[in-house]
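Data first, discussion second: the structure below is written as structure tokens.
The values are calculated or read from the model by the stated rules, or taken from the named source; none is laboratory data. What you see is a predicted model, and the numbers here were worked out from it, not measured in a lab. Here the Cβ positions follow ideal geometry from the backbone for every residue, glycine too, while neighbour counts run over all protein chains shown.
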Amino acid sequence: MAKVEQYRQCIQSLLTKYADNTSNSDMEVQLIFDTERDHYQWMNVGWRQLDRIYRCIIHFDIKDGKIWIQQNLTEADLAEELVSLGVLREDIVLGLIAPYKRQYTGFSLA
């Protein structure tokens, strides 16, 4: 369980770092840390003139001791950043990549 707690801290640290570097008075940056079910998201919520903004920018899950990257609308290489924080490559699943393509990523298949 210590590994999962370390992974939670890595995810929360990454999300906080990226969200803190975002500033826009028209939208609210929401960080969602569900440590009971292990879902973690960065959401943008608000308005741009007459257009509603409601978008998930980054989404991580922890399932069966592995970090799943479900969404990444940034230019950051989140998987490599997780590795640099001490997360094992075999514990990272690129959930945003089709299952048949994951074998070519260098990360876990599932």
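Details
- Residues that are among the polar types (S, T, N, Q) and over 18 Å from Ala110 (Cβ atoms), drawn from the range 38-71: Gln41, Asn44, Gln49
- Here Gly86 does not fit the description of being more than 16 Å from the chain's Cα centre (by Cα), surrounded by fewer than 16 Cβ atoms within 10 Å (Cβ to Cβ) and part of a loop (DSSP other than H, G, I, E, B).
- Selection of the range 10-54 for residues being hydroxyl-bearing (Ser, Thr, Tyr) and touching a helix residue (DSSP H, G or I) at 6+ places or on another chain (Cβ under 8 Å) yields Thr35, Tyr40.
- Leu15 touching a strand residue (DSSP E or B) at 6+ places or on another chain (Cβ under 8 Å) and under 24 Å from Glu90 (Cβ atoms): yes
- The numbered conditions (1) loosely packed, with under 12 Cβ neighbours inside 10 Å; (2) touching an Asp or Glu at 6+ places or on another chain (Cβ under 9 Å) are all true for Asp51 except (2).
For (1) touching a Gly at 6+ places or on another chain (Cβ under 6 Å); (2) closer than 17 Å to Gln12 by Cβ; (3) among the hydrophobic types (A, V, I, L, M, F, W, C); (4) touching a residue at least 40 places away in the same chain (Cβ under 8 Å), each residue gets a yes or a no:
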| site | (1), (2), (3), (4) |
| --- | --- |
| Met27 | yes, no, yes, no |
| Ile32 | no, yes, yes, no |
| Asp38 | no, yes, no, no |
| Trp47 | no, no, yes, no |
| Asp51 | no, no, no, no |
| Asp61 | no, yes, no, no |
| Leu82 | no, yes, yes, yes |
| Ile92 | no, yes, yes, no |
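- Residue tally, condition in a strand (DSSP E or B), over 13 Å from the mean Cα position of the chain (by Cα) and either at positive phi or not aromatic (Phe, Trp, Tyr) (or both), over the range 42-62: 8
- Test: Arg37 is out of contact with any strand residue (DSSP E or B) (no Cβ under 7 Å at 6 or more places or on another chain) and not in a strand (DSSP E or B): yes
- Phe107 modelled with pLDDT of 95 or more and within 30 Å of Glu28 (Cβ to Cβ): no
- Against the list (1) in a loop (DSSP other than H, G, I, E, B); (2) in contact (Cβ under 8 Å) with a residue 12 or more places away in the chain, the condition Thr16 fails is (1).
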